[in-house]
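Report on the following structure.
The values are calculated or read from the model by the stated rules, or taken from the named source; none is laboratory data. Worth saying up front: this structure is predicted, and the values here are computed from it rather than measured. All Cβ positions, glycine included, derive from the backbone under ideal geometry; neighbour counts span all protein chains shown. For the accessible areas, the whole protein counts, side chains as well, though only heavy atoms, and no ligand, DNA or RNA atoms are used. Shrake-Rupley method; radii C 1.70, N 1.55, O 1.52, S 1.80 Å.
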Amino acid sequence: MPSAAPDVRVRRIYEAPSPDDGVRVLVDRLWPRGLAKADAHVDEWPKALTPSTELRRWYHGAEGAYEEFCRRYEDELAEPAAAEALDGLRTLAAKGRVTLLTAAKDPSVSHTSVLRRALNASGA
């Protein structure tokens with residue numbers, strides 16, 4: 001019997017926490033500006049899952065195209081430390097809802113979309 005797709009959602013970290021968030025996972029490499037750690041209610045912060053500093057700078061620079069960013073980030077997720085962290089996140093998602101938190105202004109064109117796709121494709 002095939003397992004159900006994991007219950008993964010994406011929210012901006014600046015939104016107030018919700019009781020139905022499940023496990024709240026910050027997926028940004030840098031701590032969000034202006035947000036106290038006590039107010040964020042972050043359960044996990046797996047920095048190995050975040051885009052590298054170099055990739056992040058490239059994407060936010062003039063030459064960064066989203067499709068190429070996605071491809072490069074998928075390559076980074078295949079590296080050993082990131083793959084291990086992704087497996088850990090898959091395990092969490094198999095147990096219940098996981099909310100990926102980001103400071104990105106538009107999460108639909110950020111690494112969170114790639115990460116969510118990777119989790120949904122996992123068969124977890």
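Scanning region 98-124 for residues that are over 22 Å from Lys37 (Cβ atoms) and either open to solvent by 20 Å² or more (accessible area, probe 1.4 Å) or outside any helix (DSSP H, G or I) (or both) turns up Asp106, Ser108, Val109, Ser113, Arg116, Arg117, Ala118, Asn120, Ala121, Ser122, Gly123, Ala124. When Ala38 is tested against (1) without any contact (Cβ under 8 Å) to a residue 60 or more places away in the chain; (2) under 17 Å from Leu92 (Cβ atoms), only condition (2) is not met.
Restricting attention to region 1-51 and to residues that are in a loop (DSSP other than H, G, I, E, B) and among the acidic types (Asp, Glu), the residue that is surrounded by the fewest Cβ atoms within 10 Å (Cβ to Cβ) turns out to be Glu15.
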